[in-house]
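Asks: Could you have a look at this structure, given as structure tokens, before my questions?
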Amino acid sequence: MKYIHIVQFHLMSGGGVGSVITDVSEAMAKEGAEVYVVSLFQRKNIDFQDSIEWGKKNNINVTVLQENNEGILIIFRKLNRYIKKLASQDKCCLFLHLKWGVLAGIISTIGLENVHRIEVYHSGYMKYKLQSFICRPFIEKYIAVSKDAKKQLHKWFHIKENLIEVVYNGVDFSNIKNKCGTKCGGFQNSILFTSIGRLSFEKGFNYAIEAFAKMKSTNPEIQVSYTMVGDGKDRCECESLAKGFVNFTGTVEREVVYEYITNSDVMILPSLWEGNSILLLEVIAVGKPMILTDIPSFREVFRFKPLKHDEIFRVEQFGCVIRPQDVNSCLMAMKSIILRKNEFNEIEEYVHSFAPNFSLQTQAEKYLNIIDGF
């Protein structure tokens, strides 16, 4: 059996779906599977050589189809020839990621034998109904990255529940612990808040940044700082809201992300929605207090109840839960968690206790066994 991940861009940095594909492909290859990663397009200013070298190092076949700004139809024909050759040798299981991966994987393999198509639904595809309806007859099974994602597939796109398997994203906790080394968040002098991710609307960083700037403007004596790791289209807006109180690093390599997690005292994840956040799992691997928004995927991980209508925020064992898109909620949570700095060791232990629930090995095994019975 050949296992082929198809995605619009396979990026080695930046987290998200790219990280999911990278991690699970490595784990599948370690189990002895023949793994392929197909990136449909070239992305401007991105050198895909990193992906190629990563593949060679981990015994994973990495291919970038687009050359010289070729059009979509040419890419589809290339993909057809690529998979046709592989399928002539052995059965192929296609893992189709995001809407371009799904569309390309289906159009390029219609009529091919020895090909099974699995859609990996990463959650939040709100404008996906027409494509989902058209593609549904060609998908044999669905992987949903959380129970909430499964509900979305069933409710929004009317996918039969028996075709959907929940497979949580996983991370290599021992590897992350080794990379991160000894925890060195140092609140003795100043508490460091950290956020990591793409500076775009759905991540909600602008609300956390504005809240922090308000806190520092009105209470300059508070010994606390905030580092924002990442870049994106909303960076200018976020820098304006920060009023000089937030340190923006821009994009960093994934290995460096672990250093920022380690050096942080409190991680802030103010997302408006998530599938099964890899960053959240990486923070769990290290063990850090967190301020999280009240969204289904975060509730699913830490099993906390939704905020009541009269709750602006709530203290939780992992830190605090806040309302999405609510500056005041985030501000109050920040002030609250600062007062709990003597509890940080206990909070870290509680957060890390969730690590066994999200093993990368378990995720890889489920991917490898998803087509049993086909």
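Asks: Of the candidates 332, 126, 228, which one comes out as most mobile in a Gaussian network treatment of the chain with C-alpha springs shorter than 10 Å?
Replies: 126
Asks: Follow-up question, since we're still on this one. So which GluC sites (Glu not before Pro) in region 211-310 end up in coil per DSSP with only 13 or fewer other C-beta atoms within 10 Å?
Replies: Answer by residue number: 221, 253.
Asks: For an R0 of 45 angstrom, estimate the FRET efficiency from the Cβ-Cβ distance between residue 366 and residue 263 and round to the nearest 0.05.
Replies: 0.85
Asks: Taking trypsin sites (Lys or Arg not before Pro) as exposed when DSSP calls them loop (any state but H, G, I, E, B) and at most 13 other Cβ atoms lie within 10 Å, what is the longest stretch of the chain free of them, the sites themselves excluded?
Replies: That would be 45-126.
Asks: Sticking with this one: In debye, nearest 20, what is the charge dipole magnitude of region 232-374 about its Cα centre with +1 on Lys and Arg Cβ and -1 on Asp and Glu Cβ, if you could check?
Replies: So the dipole magnitude of region 232-374 works out to roughly 380 debye.
Asks: If you don't mind, another one. What does the charge add up to near residue 248, with Lys and Arg as +1, Asp and Glu as -1, over the other residues with Cβ less than 10 Å from its Cβ?
Replies: Value of the local net charge: -1.
Asks: Let me ask something else about it. Considering only protein heavy atoms, what per residue accessible area in square angstrom results for the chain with a 1.4 angstrom probe?
Replies: Counting only protein heavy atoms, the per-residue value for the chain is 46 Å².
Asks: Moving to a separate point now. Report, to the nearest whole %, how much of the accessible area of the chain belongs to carbon and sulfur atoms, 1.4 Å probe, protein only.
Replies: 49 percent
Asks: Let me ask something additional. Give me the one-decimal nm value for the distance between modelled label points at residue 343 and residue 49, 7 Å along each residue's Cα-to-Cβ direction.
Replies: Modelled inter-label distance: 5.1 nm.
Asks: Return the calculated 222 nm mean residue ellipticity for the chain, to the nearest 500 deg cm²/dmol, obtained by summing -39500 (n - 2.57) across DSSP H runs with n ≥ 4 and dividing by the residue count.
Replies: Computed mean residue ellipticity for the chain: -12500 deg cm²/dmol.
Asks: Would you tally the net charge around residue 8, using a Cβ to Cβ cut-off of less than 12 Å, leaving residue 8 out, and scoring K and R as +1, D and E as -1?
Replies: +2
Asks: Here is a further query. Treating the beta-carbon of each Lys and Arg as +1 and of each Asp and Glu as -1, no other charges, what is the dipole magnitude of the chain about its Cα centre, to the nearest 20 debye?
Replies: 920 debye
Asks: Hey, another quick one. To test your reading of the geometry: what angle, between 0 and 90 degrees and rounded to tens, separates the Cα axis of helix 254-263 from the longest principal axis of the chain?
Replies: 20 degrees
Asks: Let me ask something else. Test of understanding: in a Gaussian network model of the chain with alpha carbons linked when under 10 Å, which of 90, 23, 265 would top the mean-square fluctuation ranking?
Replies: 90
Asks: Right, here's the next one. Full-extension gain between residue 73 and residue 223, please, as 0.36 nm times their residue separation minus the C-alpha to C-alpha distance.
Replies: 48.3 nm
Asks: Please report the projected area of region 280-348's Cα convex hull averaged over all directions, in nm².
Replies: 4.6 nm²
Asks: Another question about this same structure. Would you mind calculating the gained length between residue 236 and residue 163 on full extension (0.36 nm times residue separation, minus the Cα-Cα distance), in nm to one decimal?
Replies: Here the answer is 22.0 nm.
Asks: Ok, one more. Using DSSP to call loops (not H, G, I, E or B), can you name the GluC sites (Glu not before Pro) in region 1-94 whose Cβ has at most 15 other Cβ atoms within 10 angstrom?
Replies: Filter output for region 1-94: 31, 67, 70.
Asks: Quick one: compute the contact order of region 73-219, relative version, from alpha carbon pairs under 8 angstrom and 6+ residues apart, as a percent.
Replies: Computed over region 73-219, the figure is 15 percent.
The values are calculated or read from the model by the stated rules, or taken from the named source; none is laboratory data. Here the structure is a predicted model, which means the values were calculated and not measured. Please note: Cβ atoms are built from the backbone with ideal geometry, for glycine as well, and neighbour counts cover all protein chains shown. Accessible surface areas use protein heavy atoms only, side chains included; no ligands, DNA or RNA. Shrake-Rupley method; radii C 1.70, N 1.55, O 1.52, S 1.80 Å.
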